[in-house]
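Taking it in order: structure first as structure tokens, then the write-up.
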Number of protein chains: 2
Amino acid sequence: MATVSIKDVAARAGVSPGTVSNVLNRPEKVAGGTRVRVEAAIRELGFVRHGSASTLRAGHSRTIGLSVIDIGNPFFTDVAAGVEDMASERGYAVILGNSSGSRLKEERNLLVFAEQRVRGVLITPSDEDPGRLERLRERDIAVVLVDHPAERSSQCAVAVNDVTGGAMAVGHLLRGGAGRIGYVTGPAAIRQCQDRRRGAEQALAAAGRDPAELREIAMPAMTAKAGQQAAEKLLADDALPDAVFCANDLLALGMLRGLLQAGVRVPDDVSLIGYDDIDFASASTVSLSSIRQPTYQLGRVATELLLDECDNPDTHAHQQIMFQPDLVVRESTR
Amino acid sequence: MATVSIKDVAARAGVSPGTVSNVLNRPEKVAGGTRVRVEAAIRELGFVRHGSASTLRAGHSRTIGLSVIDIGNPFFTDVAAGVEDMASERGYAVILGNSSGSRLKEERNLLVFAEQRVRGVLITPSDEDPGRLERLRERDIAVVLVDHPAERSSQCAVAVNDVTGGAMAVGHLLRGGAGRIGYVTGPAAIRQCQDRRRGAEQALAAAGRDPAELREIAMPAMTAKAGQQAAEKLLADDALPDAVFCANDLLALGMLRGLLQAGVRVPDDVSLIGYDDIDFASASTVSLSSIRQPTYQLGRVATELLLDECDNPDTHAHQQIMFQPDLVVRESTR
DNA sequence: TGGCCCGATTAAAACGTATCAATCACAATG
DNA sequence: CATTGTGATTGATACGTTTTAATCGGGCCA
């Protein structure tokens, strides 16, 4: 009564346990009549498959691990939503791991994933360390990189072109007639920050300008608070730039607040553009121009690739998918 | 080589599998010398325990399920972070389920949890249906309600007093000299919205005013967009209220934008207060007064209760914990 | 020296499912 | 009628761990 097993169902339906298992896993292999009888027994007894026993015997589970850097960041939240939806549609459960940017916690999460014998892992690595992921593959755990380019061609990866995004942002500012342009960014170690700067420089070069003109302000964090501090730095300068590109929307929102409080008009005095197009970008007082990424889609597609690799290991071809970002023009830019 | 089992470790260390299991689960029961030998073997072989086999034999897993209404809402994200941290500290993995407010998806998530034989479930129920949770308890799965009062004394629940919070918000507005007060809220079915209104009415009554004065504007969603629409409604009225209380910060941010765009000064013309104190509340152009909830703590404590119930089922006493919210005064209120 | 006890270790039996070879019923074929 | 073939079902086994009772090896006491 505590637990009702496949045997109980078999007894009730007058078949063998093997047949019940077949109804569960290969319904097409079992005759119509018996199937409905078994299904009825399942319903009547309230049977629910013991996932662990199934995993143990089959050698693989129906769960995937999702390791993100910061679950508090709307970007990752959106990705997680996409992952969750797709996984759920395909009958997989998602085990969530939040590394908070700490390598130790990431390591611990991967261990948990390994213990649970997850079928695969979706990860936005917090730093460059191929070895760690290699160890997963040795355990027959598929890996798909999320928002990170592939480190080798033998793995799947889903990312958004940050160079293009950076170029879009600065190109837009230049078309608005911007002269001096500032770039507010996060820690240098973050790949996305570098790529977006590279794009910005490309846009300058394409306009016949010197990429070195870009005035860069690097902050230790990519939060709204850091953005406001960046505004103070900017205001301390002799002259304001005509336009500012922030490496993410949180920085941009903080910057916006800092500028407005100092009496600087946006976009009249300074144009401002962010990155990510989080919900709050459109909701701010002066709505924020930004670079939109297909975040939710990123999660969905990454999951799709992962499950494809799991379910069809032989026909699966590794793919590196690169999405393109979109420019969203709102009030904060001319 | 593909999988290294407890047996391989045993062979390598020159002991029996049972001893290895003891080293893993009751290290104090095994002699010092053998323990270090076994631990060495584990390290050398890269052994990682097969969670499913363990679960199968032991009868219970080291995972918990977390079912939230909307993973995109910063409130739930904070809760999830608290849950994840505490669970991780205690060696538990978290399976994430996002119901998106859909009863069907919630149902499906609970099924997945049951299949995985999770030790317990943390849930913010999307509606009132005690039966569903009762079925979980019959399967020996502990349940703790999150941000929802207990439905009976035989279960744990962690919530924040929304009535008090509502009273705090409106009390603050009244102290600021507000005459007419508006209440912008979400769907009537949402318990939190009702409780907060009740608190608002209590504050009016306590100030010797008629609770019926409260001008309520109910929106179908609790988003920034809905907040801006609410502002339009408000502006269409003959006279603006002196102050507005919004049932969450997203509504308030939208309202703020709507008012400012219409040339209404905040807080000079209208005071504005939100609820939740999400990060963006302090980052908005006119920083938002709000009611802070111990969100992260909510997740941590709920998880602690759940794991206590799991690990000490005999001594565990069910608790209904009610946190108190805090008033955070910023620029948007007088 | 013989008997006992105690801590440390082992051997064996489960847990619930999936899988595969074997069996069965029965129809079609020669 | 004997044989083959086919599709449906069964029985037995193994997955990797935990747990219990049994065993072992000494040290201690009488």
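The set of residues in the stretch A:1-20 that are away from DNA strand C (no atom under 12 Å from the Cβ), buried (at least 18 other Cβ atoms within 10 Å of the Cβ) and not basic (Lys, Arg) contains only A:13.
In the stretch A:225-250, the qualifying residues are those that are under 18 Å from residue A:168 (Cβ atoms) and modelled with pLDDT under 95, and the one that is nearest to the other protein chains (Cβ to nearest Cβ) is A:249. You will find that of A:334, A:265, A:300, the residue that is closer than 30 Å to residue A:90 by Cα and among the basic types (Lys, Arg) is A:300 and no other.
Only a single item in (1) under 41 Å from the mean Cα position of the chain (by Cα); (2) farther than 28 Å from residue B:117 by Cβ is not met by residue B:15, and it is number (1). Beta carbons closer than 7 Å, at least 6 apart along the sequence or on distinct chains, pair a first residue in the stretch B:176-192 that is charged (D, E, K, R) with a second that is surrounded by 12 or more Cβ atoms within 10 Å (Cβ to Cβ) and assigned to a loop (DSSP other than H, G, I, E, B) for B:180/B:241; B:180/B:242. Scoring residue A:125 on the criteria (1) part of a loop (DSSP other than H, G, I, E, B); (2) open to solvent by less than 40 Å² (accessible area, probe 1.4 Å); (3) modelled with pLDDT of 90 or more leaves a single failure, condition (3). For residue A:272, the test of being closer than 15 Å to residue A:333 by Cα and either in contact (Cβ under 8 Å) with a residue 60 or more places away in the chain or touching a strand residue (DSSP E or B) at 6+ places or on another chain (Cβ under 8 Å) (or both) is passed.
Could you list all residues from the stretch B:56-77 that are open to solvent by 10 Å² or more (accessible area, probe 1.4 Å), at the interface with chain A (Cβ under 7 Å from one of its Cβ atoms) and either part of a helix (DSSP H, G or I) or touching a strand residue (DSSP E or B) at 6+ places or on another chain (Cβ under 6 Å) (or both)?
Start the filter on the stretch B:56-77 by keeping residues that are open to solvent by 10 Å² or more (accessible area, probe 1.4 Å), which leaves B:56-60, B:62, B:69-70, B:72-76.
This time we only want the ones that are at the interface with chain A (Cβ under 7 Å from one of its Cβ atoms), so: B:56, B:72.
Scanning the stretch B:56-77 gives a single hit, B:56.
Scanning for something open to solvent by 60 Å² or more (accessible area, probe 1.4 Å), touching a helix residue (DSSP H, G or I) at 6+ places or on another chain (Cβ under 9 Å) and within 16 Å of DNA strand C (Cβ to nearest atom), does the stretch B:78-100 turn up at least one residue? No, the stretch B:78-100 has no match at all. Exactly one residue out of B:150, B:159 is of a type in the set (A, V, I, L, M), more than 14 Å from chain A (Cβ to nearest Cβ) and open to solvent by less than 30 Å² (accessible area, probe 1.4 Å): that is B:159.
If I ask for residues that are assigned to a loop (DSSP other than H, G, I, E, B) and away from DNA strand C (no atom under 13 Å from the Cβ), which ones from the stretch B:44-55 would you list?
Going residue by residue through the stretch B:44-55, those that are assigned to a loop (DSSP other than H, G, I, E, B) are B:46-50.
Answer for the stretch B:44-55, where residues must be assigned to a loop (DSSP other than H, G, I, E, B) and away from DNA strand C (no atom under 13 Å from the Cβ): B:46, B:47, B:48, B:49.
Residue under question is residue B:166, and the condition is that it be open to solvent by less than 10 Å² (accessible area, probe 1.4 Å), touching a Cys at 6+ places or on another chain (Cβ under 8 Å) and not assigned by TED's automatic domain parsing to the domain that holds residue B:303; does it hold? Here the answer is no, as residue B:166 does not meet what is asked.
The single condition among (1) surrounded by fewer than 19 Cβ atoms within 10 Å (Cβ to Cβ); (2) more than 26 Å from residue B:299 (Cα to Cα); (3) within 13 Å of DNA strand D (Cβ to nearest atom) that residue B:42 does not meet is (1). Scanning the stretch A:63-79 turns up no residue that is within 29 Å of residue B:54 (Cα to Cα) and within 12 Å of DNA strand D (Cβ to nearest atom). The one condition from (1) surrounded by fewer than 14 Cβ atoms within 10 Å (Cβ to Cβ); (2) within 14 Å of chain B (Cβ to nearest Cβ) that residue A:213 does not meet is (2).
Just so you know, in the stretch B:11-20 the residues that are near DNA strand D (Cβ under 9 Å from one of its atoms) and closer than 13 Å to residue B:36 by Cα include one that is farthest from the other protein chains (Cβ to nearest Cβ), and it is B:19.
Checked against (1) more than 19 Å from residue A:81 (Cβ to Cβ); (2) facing chain A (nearest Cβ under 8 Å); (3) touching an Asp or Glu at 6+ places or on another chain (Cβ under 9 Å), residue B:125 passes all but condition (2). Against the condition at the interface with another protein chain (Cβ under 7 Å from one of its Cβ atoms) and more than 20 Å from residue B:292 (Cβ to Cβ), how does residue B:84 come out, does it pass? Criteria met by residue B:84. Residues that are near DNA strand D (Cβ under 7 Å from one of its atoms) and in a helix (DSSP H, G or I) were ranked within the stretch A:21-34; the one that is farthest from residue A:55 (Cα to Cα) is A:33.
Restricting attention to the stretch B:98-122, the residues that are assigned to a strand (DSSP E or B) and either touching a residue at least 40 places away in the same chain (Cβ under 8 Å) or more than 13 Å from chain A (Cβ to nearest Cβ) (or both) add up to 3.
Is there any pair with a first residue in the stretch A:21-43 that is within 14 Å of chain B (Cβ to nearest Cβ) and within 14 Å of DNA strand C (Cβ to nearest atom) and a second that is open to solvent by 50 Å² or more (accessible area, probe 1.4 Å) and charged (D, E, K, R) whose Cβ atoms are under 7 Å apart and which are 6 or more apart or on different chains, and what are they? Close Cβ pairs (under 7 Å, with a partner that is open to solvent by 50 Å² or more (accessible area, probe 1.4 Å) and charged (D, E, K, R)) amount to A:24/A:49.
Entry remark, the stretch B:138-183: residues being among the aliphatic types (A, V, I, L, M), assigned to a strand (DSSP E or B) and closer than 21 Å to residue B:76 by Cβ number 9 in total.
The values are calculated or read from the model by the stated rules, or taken from the named source; none is laboratory data. The model shown is predicted, which means the values in this text are computed figures rather than measured ones. We place every Cβ from the backbone using ideal geometry, glycine too, and count neighbours over all the protein chains shown. Only protein heavy atoms, including side chains, enter the accessible area calculation; ligands, DNA and RNA are left aside. Shrake-Rupley method; radii C 1.70, N 1.55, O 1.52, S 1.80 Å.
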